[in-house]
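J.: Encoded as structure tokens, here's the structure I'll be asking about.
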Amino acid sequence: MSAAVGISRRRFIIDSAVAGGGLAVGLSLPGAVMAVPAAAGASSASALGGSFGATAPGAEVTVWVVVQPDDHCVIRIARTEMGQGTLTGLAQLVAEELECDWAKVKTEFPTPGQSLARKRAWGEMGTGGSRGIRMSEDYVRRGGAAARIMLLQAAATRLGVPGAELAVERGVIRHAASGRSLRYGEVCEAAARLDVPDPRSITLKKPADWKIAGKPLKRLDTAPKLDGSKKFALDLELPGMLYAAIKDCPVFGGKVVSFDETALASRKGVKRVVRVGDTAVAVVADSWWRARSALAALPIVWDEAGFGNRSSATIDALLKDGLDTPNAFVYRNEGDAPAAIAGAVKRIDADYATPFLAHATMEPMNATARVTADRAEAWVPTQNGEGSHASLAEATGLPLDRCEIYKCDPGGGFGRRGGNQDYVRQAALIAKQFPGVPVKLIWSREEDMAHDFYRPISQCRLSAGLDEKGQLAGLQVRLSGQSINAFINPGSVADGRDERQLQGWFEKPGDAQLGYTVPNLRIEYAMRNSHVPVGPWRGVNTNQNGVYMECFMEEVARAAGADPWQFRRRLMANHPKHLAVLDAAAERAGWGKPLPAGVHRGIAQFMGYGSYSAAVAEVSIGTDGHVKVHRLVFALNCGHAVNPHQIAAQVEGSVAYGLSATFYGECTVENGRMVQSNFHDYPIMRMAEMPPVETIVMPSNDFWGGVGEPTICVVGPAVLNAIFAATGRPVRSLPLRKYNLA
Amino acid sequence: MARLNVNGKLRTVEVEADTPLLWVIREQLGLTGTKYGCGVAQCGACSVHMNGELRRSCSIPVGTVKASDRITTIEGLSRNASHPVQKAWAEIDVPQCGYCQSGQIMAAAALLARNKRPTDADIDAAMTNICRCGTYQRVRAAIKLAAGGVKVAGGAL
Ligand code: FES
Ligand code: FES
């Protein structure tokens with residue numbers, strides 16, 4: 001019932017947009033001009049597929065803020081909300097400066113087409129690398145502050161008093177001397193007609209004065225997640241829609257040779273079998289289940305392009321070669337590490353390895369597209385709306401301004417739905433063959449496991465030398481493995497000088513700096529690329545490198561006969577922020593205090609995605625080898641804490657993601673393809689294995705760091721170091737399920 | 001053809017008998033709150049109640065369902081999200097992306113229907129749904145809250 005009302009209101013807006021000569025004019029309020037060409041104005045999407053884009057009625061005061069006559073403030077969110085809480089956090093930052101009533105805040109997502117038409121007025125849409133808040137906080141806060149200034153100015157004019165005599169709280173502007181007041185909704189139209197002040201002239205509030213930002217507020221987007229009413233892209237229904245199931249050549253790099261459509265002749269509801277580019281086949285039917293079961297029965301001949309003999313064993317040999325080769329990219333070379341290690345009183349050497357990992361977002365890859373000769377639209381669960389837009393344009397051959405993307409909140413992203421928009425391309429290529437008909441492409445879980453952009457596989461050889469006092473005299477690190485940059489843009493790292501794979505060992509501060517000072521240090525990378533596609537993955541590179549560095553540091557500390565916390569501390573005097581989180585976690589966990597019999601502690605610290613993380617784990621191992629994590633304590637300095645409640649949720653989430661990787665996660669290759677196909681052979685941690693997590697959020701308020709990814713890099717090492725403490729043996733290769741700890 | 005009793009309404013659908021109940025619920029009945037996650041009874045995203053029992057609908061061929069079987073989906077769990085589990089979920093702010101949450105809520109509601117005061121071990125045994133976002137700690141806290149527990153800072157541990 002209410003949905004129908006919503007749709008007809010949408011239709012009214014669209015009609016007025018058309019009447020307005022190609023501009024969407026929200027409720028025809030002056031000043032609320034949305035310079036959105038009707039062609040990009042989401043007409044069919046809004047009318048048929050729910051509410052998408054910047055379409056809320058009201059007065060657009062700044063590009064970030066629409067104020068409605070009933071005082072509701074619609075805050076525009078350009079980044080993707082995929083569970084990480086960015087929507088709420090960004091709204092808090094805007095609302096803080098806007099001084100509006102938090103209870104009257106609503107949000108909407110501008111579309112990539114609207115962004116294009118308005119010359120990227122909302123900045124970057126891509127959401128990855130834990131950048132959603134830290135890379136847009138400044139301009140969104142200024143957008144909120146500018147709107148406040150304009151609303152106050154409009155009120156001052158209306159009341160005929162100097163602006164300086166006005167005060168605002170929760171969207172109510174008061175003139176103390178006269179006792180008069182105006183609500184935001186009463187002055188929004190006038191405010192929207194004013195010039196937007198120069199953002200650089202605005203002084204933002206200090207975090208100490210925050211009333212909305214920095215507070216553990218509840219998320220704005222919870223209600224529809226409780227009753228099944230939230231529409232994910234997978235849930236989209238459009239009139240006349242067809243459904244597609246797809247199979248891409250299981251061998252990466254292979255192609256379709258042929259398929260036998262006649263085998264599906266007797267199947268009900270099947271419309272057609274189509275080729276999707278050179279590599280995939282899709283069955284299109286009147287329901288997804290019919291499409292999927294028909295696809296399973298379709299004989300397809302593949303050309304494996306010579307990759308059918310690749311396996312985990314051949315890839316392992318490739319990586320081993322990268323450990324041994326004299327020719328590597330030397331990224332850091334301070335002092336003379338080889339000599340210091342050769343001349344050390346005690347020497348420690350170890351080889352570590354981590355596997356390919358799939359993202360396995362709970363919502364499998366999917367996208368709906370409708371393509372005509374002159375227009376293309378797609379409904380996409382995307383971390384990168386502009387990337388989806390570009391993919392749609394490329395796949396259809398239509399210019400960007402004839403394409404539109406309706407962003408749907410993804411059911412998990414973790415890096416899978418960002419730079420690689422393969423599923424959008426596929427949906428477009430399929431829909432192109434059914435002009436004007438919306439086609440929903442859904443990947444089966446099996447397809448999702450078979451065609452990911454996996455966390456890069458790597459191995460790491462570490463060597464350390466201790467001097468006569470048991471101090472770390474030299475450290476040498478050789479990383480060998482796949483490069484994300486090489487997969488995305490091979491030319492960019494043709495010489496193998498790819499610093500990105502060394503995240504966590506950076507010399508420069510700010511992003512992923514190594515927190516230790518070692519007198520003789522050498523960090524090297526040997527790029528070794530297999531035929532398996534790789535990509536970002538929650539905390540990528542810092543989570544593999546965190547295991548290598550922090551588990552090895554544990555080996556070195558134990559070889560020195562030192563306490564692992566104190567041993568690290570001695571190397572960290574030049575890195576006070578790294579040290580502060582390490583100390584905070586150790587102290588909260590009660591490091592050094594007695595534990596119940598059989599329970600052991602492990603500690604780790606590492607930096608990634610602009611933030612400092614440390615963790616302490618408490619672990620026991622049963623006589624059957626079963627590892628139980630009893631407690632995890634985290635300390636995180638993410639610079640500014642916009643919503644401590646959601647930050648804690650992200651830390652908890654990183655535990656589930658990180659422990660799944662530590663205990664179970666492994667994608668292996670046989671016959672050129674992935675072996676694992678679903679959650680039975682790619683297990684994910686469940687409730688019973690989830691330890692209680694305590695999170696200390698300790699912002700130092702002098703930088704902006706990420707939240708979604710940083711802590712995952714200490715989850716595995718803290719637990720593995722506790723296992724080391726329990727067994728006396730290091731774990732050097734993941735996942736743990738390969739070990740018998742009994 | 002199958003006759004189904006879903007959320008108190010009798011519905012007739014034209015589908016092959018081997019079609020999983022999940023896809024009938026989603027595609028024929030248009031109730032999309034029940035999700036597809038794995039299709040092989042591993043993840044619980046497709047959880048519904050059948051005659052009061054928790055079931056993974058992706059692994060039930062619709063041909064095996066009788067018209068007398070009472071099926072409840074997330075949409076039919078309560079009016080206005082008023083079930084104690086849904087209220088506790090809102091209070092604790094459990095969901096992240098939300099995709100698994102229909103299934104988590106249906107599983108928790110089934111648990112509390114047969115066990116008014118579940119222990120941690122009961123929760124561990126009953127709640128086997130996968131959440132890739134990792135909301136487990138808050139799911140546990142919300143179940144305890146729904147069972148009459150008190151909310152503590154950082155979740156009802
Ligand atoms: S979809 Fe049914 S258990 Fe995963
Ligand atoms: S909330 Fe995202 S999978 Fe559970």
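J.: Let me confirm something: among A:Pro692, A:Pro644, A:Pro683, which residue is within 12 Å of chain B (Cβ to nearest Cβ), more than 30 Å from A:Phe307 (Cα to Cα) and over 20 Å from the mean Cα position of the chain (by Cα)?
T.: Just one listed residue meets the conditions, A:Pro692.
J.: Report whether or not A:Ala580 is crowded, with 24+ Cβ neighbours inside 10 Å, more than 24 Å from the chain's Cα centre (by Cα) and not in a loop (DSSP other than H, G, I, E, B).
T.: The answer is no for A:Ala580.
J.: Among the residues of region B:55-97, which ones are of a type outside the set (Val, Ile, Thr), out of contact with any Pro (no Cβ under 8 Å at 6 or more places or on another chain) and within 16 Å of ligand 1 (Cβ to nearest atom)?
T.: B:Arg55, B:Arg56, listed by residue number.
J.: Ok, one more. With within 22 Å of the chain's Cα centre (by Cα) and outside the structural domain of A:Thr127 (by TED's automatic domain parsing) as the only criterion, which of A:Val714, A:Val719 stands out?
T.: Result: A:Val714 is the single residue among A:Val714, A:Val719 that is within 22 Å of the chain's Cα centre (by Cα) and outside the structural domain of A:Thr127 (by TED's automatic domain parsing).
J.: State yes or no: is A:Pro596 assigned by TED's automatic domain parsing to the domain that holds A:Leu734 and within 23 Å of the chain's Cα centre (by Cα)?
T.: no
J.: Kindly establish whether B:Leu21 is farther than 26 Å from B:Gly149 by Cβ, at pLDDT 95 or above and either in contact with a Lys or Arg (Cβ under 7 Å, 6 or more places away or on another chain) or more than 8 Å from chain A (Cβ to nearest Cβ) (or both).
T.: Answer is yes for this residue.
J.: Out of everything in region B:25-39 that is within 15 Å of the chain's Cα centre (by Cα) and not in a loop (DSSP other than H, G, I, E, B), what residue ends up being nearest to the other protein chains (Cβ to nearest Cβ)?
T.: My answer is B:Arg26.
J.: Return the residue satisfying two criteria in turn: it lies in region B:40-63 and is within 16 Å of ligand 2 (Cβ to nearest atom) and assigned to a loop (DSSP other than H, G, I, E, B), and of such residues it is nearest to the other protein chains (Cβ to nearest Cβ).
T.: B:Gln42
J.: Here's a follow-up. If you check A:Thr222 against the conditions, is it within 12 Å of another protein chain (Cβ to nearest Cβ) and β-branched (Val, Ile, Thr)?
T.: Judged against the criteria, A:Thr222 is a match.
J.: Given the condition within 12 Å of another protein chain (Cβ to nearest Cβ) and under 29 Å from B:Thr128 (Cβ atoms), answer yes or no: does some residue in region A:597-612 qualify?
T.: no
J.: Next question, about the same structure. Based on what the data block shows, is A:Gly132 within 14 Å of chain B (Cβ to nearest Cβ) and not in a helix (DSSP H, G or I)?
T.: It is true that A:Gly132 is within 14 Å of chain B (Cβ to nearest Cβ) and not in a helix (DSSP H, G or I).
J.: I'm checking my understanding of the structure. Among residues of region B:129-143 that are assigned to a helix (DSSP H, G or I) and basic (Lys, Arg), which one is farthest from ligand 2 (Cβ to nearest atom)?
T.: B:Arg140
J.: Of all helices (runs of 4 or more DSSP H) completely enclosed by region B:81-128, which ones contain at least 3 residues that are within 10 Å of chain A (Cβ to nearest Cβ) and within 16 Å of ligand 2 (Cβ to nearest atom)?
T.: Here the list reads B:84-92, B:101-114.
J.: Restricting to region A:196-224, name every residue that is of a type in the set (Asp, Glu) and free of Cβ contacts under 8 Å to residues at least 12 places away in the same chain.
T.: A:Asp198, A:Asp209 - these are the residues of region A:196-224 that are of a type in the set (Asp, Glu) and free of Cβ contacts under 8 Å to residues at least 12 places away in the same chain.
J.: Moving on to the next point. May I ask you to say which residue of B:Lys35, B:Lys87 is surrounded by 21 or more Cβ atoms within 10 Å (Cβ to Cβ) and closer than 19 Å to A:Leu226 by Cβ?
T.: Going through B:Lys35, B:Lys87 in turn, the sole match is B:Lys35.
J.: Using the structure shown, decide if A:Ala213 is within 14 Å of another protein chain (Cβ to nearest Cβ) and crowded, with 21+ Cβ neighbours inside 10 Å.
T.: no
J.: Follow-up question, since we're still on this one. Report every pair of residues separated by at least 6 positions or lying on different chains whose Cβ atoms are under 6 Å apart, first residue within region B:1-12 and without any contact (Cβ under 8 Å) to a residue 40 or more places away in the chain, second among the basic types (Lys, Arg) and in a strand (DSSP E or B).
T.: B:Thr12/B:Arg3
J.: Mind checking which residues of region B:127-149 are under 27 Å from A:Tyr682 (Cα atoms), away from ligand 1 (no atom under 16 Å from the Cβ) and free of Cβ contacts under 8 Å to residues at least 40 places away in the same chain?
T.: B:Gly134, B:Tyr136, B:Gln137, B:Arg140
J.: In the set B:Thr12, B:Thr64, B:Thr73, which member is under 27 Å from B:Arg138 (Cβ atoms) and not small (Gly, Ala, Ser)?
T.: Only one candidate passes the filter, namely B:Thr73.
Every residue, every condition in (1) touching a residue at least 12 places away in the same chain (Cβ under 8 Å); (2) within 14 Å of another protein chain (Cβ to nearest Cβ), yes or no:
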position: A:Gly228; (1), (2): no, yes
position: A:Phe232; (1), (2): yes, yes
position: A:Asp235; (1), (2): no, yes
position: A:Ile246; (1), (2): yes, no
position: A:Pro250; (1), (2): yes, no
position: A:Gly253; (1), (2): yes, no
position: A:Val257; (1), (2): yes, no
position: A:Ala263; (1), (2): yes, no
position: A:Ser266; (1), (2): no, yes
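The values are calculated or read from the model by the stated rules, or taken from the named source; none is laboratory data. The model shown is predicted, which means the values in this text are computed figures rather than measured ones. With ideal geometry, Cβ positions are generated from the backbone for all residues, glycine too; neighbour counts draw on all protein chains shown.
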